[in-house]
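What follows is a single structure, written as structure tokens, with notes after it.
The values are calculated or read from the model by the stated rules, or taken from the named source; none is laboratory data. The structure presented is a predicted model; accordingly, all values stated were derived computationally and were not measured. Counting neighbours? That spans all protein chains shown, and the Cβs are built from the backbone with ideal geometry, glycine included.
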Amino acid sequence: MASGKNESFRERKQRLRQSFVAQFPERLAQARELLARLRSGSDQREALERLHLVLHTLKGSGASFGFDAINAPAKAAEHALRGVLDQDARVTDRLILALEQALGALEGLDLALELPAAPESWPRFEIPARHAVEGDTRERRQRLVYLCDDDPIIAQELSGQLSCFGYQIIPFVTLDSLRQAFRRERPSAIIMDVIFPEGQDAGPTAIAALNAGIDQPVPCIFMSSRDDFSARLRAVQSGGNAYCPKPVKAVELAEILDQLTNPGATEPFHILIVDDDPDVAQFFSMVLEEAGMVTRVANEPARVPGALDGFNADLVLMDLYMPNCSGPDLARVLRQMPGHLSLPIIYVSAETNLDRQFKALEVGADGFLTKPLEPARLVAEVHLRAERMRILRSLMIRDGLTGLFNHNTILQLLDVALASCRRNQTSLCMAMIDVDHFKSVNDTHGHPAGDQVLRALGRTLRLRLREVDLVGRYGGEEFAIILVGVDAVHAKEIMDELRADFAEVSFFADDVEFHCAFSGGIAAYPQFTSASALVDAADRALYQAKRAGRNRVEIATTTAELADAPPSEPMGGHAREGLNSKASSSGVEMRDEH
């Protein structure tokens, strides 16, 4: 980490420590006032709870900022108060004496003397490497791939098909031309034949020579009509990352390229920090942001629902004891709110009693971290739980076969996108597409081949559309696409381009080559004002495309003009029930298509 950034972190932490020192006398004065109320006998229960909160906060905050002298007296006083609160016992002279002694010890501290003369060293920690989520369209469009095969027909045909998946493919038919291009610009990956006129292993030899002169080898996929062990061994020894026997399937090759050229960057974790002590909350925020996370802070429990709105939090880090609303109470509130039932909640508290920790976890929290908390452990714990949440959330909202959003999720996202368009007065299009003659693909080539088609179409949509566009598998062979900020004419141009490219992709089943196409229907907002109207109109326009001969895209005009399309036709998709269908190996029903 750069020294400037290190200094920034140290300086900010030093300011937080100084802020704690400045507020320390005021907090002790507040504790004195509450102790006086206990002596007077007025509102003792409230005074007990508030005094416990003050001392608990002092203990946790002091420990977080390295003021160890605070811990013993604050802990003793907090323990005495907790015993009375748990047993609902009366205030005794013994309790008053214990509190007097603790406060006296705290008041005798000079925290300014404990501030370090020089900023402490940066707490070093590393975030475990994470894999990127597929679908970063911008990055993939920039990825250059060289393909070298001495057969010009194979080189051109395979390059054309791979370009449909969002890669920039440059074909070469000689090793020398590849070498010259490599010296001018290094690609993200190379697809290389094994056999060339120069020799049986000329391809692997050329790759070994190219990688020998650079620090970071370029990923390489070998392809060959040879499938013997010696050919594969030579490819591995030359630095090959994958080996594809010919005829090469473009879909499988695209999957390998996805893995090899994955950039490794993901959306940073979003963490909401809830703590009534602003300095501690800012300290945690500072540590997590230095580790590359995005944070939002709420110092009052009542502000948490609003803070979560639009933040897309991966995890909530909250204090256990807060005024008017404890951590467990806040956890119960969140668990009763739609959308937050599975949101991970981690308590961070100076509470060390295991029974009270367990009771706090019973309301639906996911973990407990005890102050003081070293920055490295804070980052590791938050990262681990947030990453687990990302994985679980992805499994819940995505289709298992294609990796796209599932049926329910894409409909929810349509509602959200539509609401945003209303607020911002922007346009939106809903496209429904359906693979033509898909039943015959399953019947002729088998369900694994059908699944290969669906995966390829899903990948084509995901990689070719913009990052702001949303793609889901609506059911069977039908897909739903939300195109933001475009009108119907532009949407049709986009879908027609995708349709033409997808029709060029070759699929193989038992060495038999076949092609597929899709039809589409488009409905636009604000012409259709509700989510249900958009879906219904797009589906009916899809039926019109099927009826007009398939392999085409139609735009929904008005409800009246679409009224002639019978809703029971099996070609439209989502509302068609009682159809003859067969289950694909993915477990999703495939519609019969006439």
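Search the stretch 400-432 for residues being small (Gly, Ala, Ser) and buried (at least 16 other Cβ atoms within 10 Å of the Cβ), and hand back the single one that is farthest from the chain's Cα centre (by Cα).
Taking the stretch 400-432 first, the residues small (Gly, Ala, Ser) are 400, 403, 417, 419-420, 427, 431.
Within this subset, residues satisfying the condition of being buried (at least 16 other Cβ atoms within 10 Å of the Cβ) are 403, 417, 427, 431.
On the way: 403: 13, 417: 18, 427: 26, 431: 24 Å.
Result: 427.
Which pairs turn up if I take residues in the stretch 377-394 that are under 14 Å from residue 294 (Cα atoms) and look for partners that are part of a helix (DSSP H, G or I) with beta carbon separation below 7 Å, at least 6 apart in sequence or on another chain?
Listed pairs, sorted by first residue: 379/287; 379/288; 382/288.
Look through 358, 284 and report the one residue that is at pLDDT 80 or above and over 28 Å from residue 83 (Cα atoms).
After ruling out the rest, the residue left standing is 284.
So which residues in the stretch 373-399 are crowded, with 17+ Cβ neighbours inside 10 Å and more than 18 Å from the chain's Cα centre (by Cα), if there are any at all?
Within the stretch 373-399, 373, 375, 378 qualify.
Residue-wise test of (1) among the hydroxyl-bearing types (Ser, Thr, Tyr); (2) closer than 19 Å to residue 169 by Cα; (3) over 37 Å from the mean Cα position of the chain (by Cα).
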| residue | (1), (2), (3) |
| --- | --- |
| 224 | yes, yes, yes |
| 235 | no, no, no |
| 244 | no, yes, no |
| 251 | no, yes, no |
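Determine the pairs where a residue that is in contact (Cβ under 8 Å) with a residue 24 or more places away in the chain, located within the stretch 512-531, has a partner that is surrounded by fewer than 16 Cβ atoms within 10 Å (Cβ to Cβ) and of a type in the set (Asp, Glu) with Cβ atoms under 6 Å apart, the partner being 6 or more residues away or on another chain.
531/415
Filter the stretch 297-307 down to the residues that are aliphatic (A, V, I, L, M) and under 13 Å from residue 331 (Cα atoms), then identify the one that is farthest from the chain's Cα centre (by Cα).
Looking only at the stretch 297-307, we keep the residues that are aliphatic (A, V, I, L, M), and these are 297-298, 302, 304, 307.
Restricting the remaining residues to those that are under 13 Å from residue 331 (Cα atoms) gives 302, 304.
On the way: 302: 27, 304: 21 Å.
Filtering first and then ranking leaves 302.
Before we move on, is residue 412 in contact with a strand residue (DSSP E or B) (Cβ under 8 Å, 6 or more places away or on another chain) and either without any contact (Cβ under 8 Å) to a residue 60 or more places away in the chain or part of a helix (DSSP H, G or I) (or both)? It would help to see each step written out before you state the result.
Values: in contact with a strand residue (DSSP E or B) (Cβ under 8 Å, 6 or more places away or on another chain): no; either without any contact (Cβ under 8 Å) to a residue 60 or more places away in the chain or part of a helix (DSSP H, G or I) (or both): yes.
Against the criterion (in contact with a strand residue (DSSP E or B) (Cβ under 8 Å, 6 or more places away or on another chain) and either without any contact (Cβ under 8 Å) to a residue 60 or more places away in the chain or part of a helix (DSSP H, G or I) (or both)), residue 412 does not qualify.
Take residue 213 and decide whether it is surrounded by fewer than 14 Cβ atoms within 10 Å (Cβ to Cβ), in the same structural domain as residue 329 (by TED's automatic domain parsing) and either touching a helix residue (DSSP H, G or I) at 6+ places or on another chain (Cβ under 7 Å) or at pLDDT below 85 (or both). Let's see the steps before the verdict.
Working: surrounded by fewer than 14 Cβ atoms within 10 Å (Cβ to Cβ): yes; in the same structural domain as residue 329 (by TED's automatic domain parsing): no; either touching a helix residue (DSSP H, G or I) at 6+ places or on another chain (Cβ under 7 Å) or at pLDDT below 85 (or both): yes.
No: the conditions fail for residue 213.
Any residue at all in the stretch 324-334 that is over 24 Å from residue 282 (Cβ atoms), modelled with pLDDT under 85 and surrounded by fewer than 18 Cβ atoms within 10 Å (Cβ to Cβ)?
No; the residues of the stretch 324-334 include none that is over 24 Å from residue 282 (Cβ atoms), modelled with pLDDT under 85 and surrounded by fewer than 18 Cβ atoms within 10 Å (Cβ to Cβ).
Might you let me know whether the stretch 37-44 holds any residue that is among the aliphatic types (A, V, I, L, M) and modelled with pLDDT of 80 or more? Spell out the reasoning first.
First, the residues of the stretch 37-44 that are among the aliphatic types (A, V, I, L, M): 38.
Still in the running and modelled with pLDDT of 80 or more: 38.
The answer is yes, given that some residue of the stretch 37-44 is among the aliphatic types (A, V, I, L, M) and modelled with pLDDT of 80 or more.
Does the stretch 299-336 hold any residues that are polar (S, T, N, Q) and under 22 Å from residue 370 (Cβ atoms), and which are they?
Kept after step one, since they are polar (S, T, N, Q), are these residues of the stretch 299-336: 299, 312, 324, 326, 336.
Result: 299, 326.
Considering 470, 463, which residue is in the same structural domain as residue 536 (by TED's automatic domain parsing) and in contact with a strand residue (DSSP E or B) (Cβ under 6 Å, 6 or more places away or on another chain)?
Numbers: 463 fails: in contact with a strand residue (DSSP E or B) (Cβ under 6 Å, 6 or more places away or on another chain).
Only one candidate qualifies: 470.
Count, please, the residues in the stretch 457-490 that happen to be more than 22 Å from the chain's Cα centre (by Cα), part of a strand (DSSP E or B) and surrounded by fewer than 22 Cβ atoms within 10 Å (Cβ to Cβ).
Counting residues in the stretch 457-490 that are more than 22 Å from the chain's Cα centre (by Cα), part of a strand (DSSP E or B) and surrounded by fewer than 22 Cβ atoms within 10 Å (Cβ to Cβ) gives 1.
Output the number of residues of the stretch 423-441 satisfying the condition of being within 22 Å of residue 539 (Cβ to Cβ) and either in a helix (DSSP H, G or I) or among the aliphatic types (A, V, I, L, M) (or both).
Total satisfying the criteria: 10.
Pick out the one residue from 501, 536, 496 that is modelled with pLDDT under 90 and either surrounded by 17 or more Cβ atoms within 10 Å (Cβ to Cβ) or in a helix (DSSP H, G or I) (or both). Show your work before the answer.
Working: 536 fails: modelled with pLDDT under 90; 496 fails: modelled with pLDDT under 90.
Result: 501 is the single residue among 501, 536, 496 that is modelled with pLDDT under 90 and either surrounded by 17 or more Cβ atoms within 10 Å (Cβ to Cβ) or in a helix (DSSP H, G or I) (or both).
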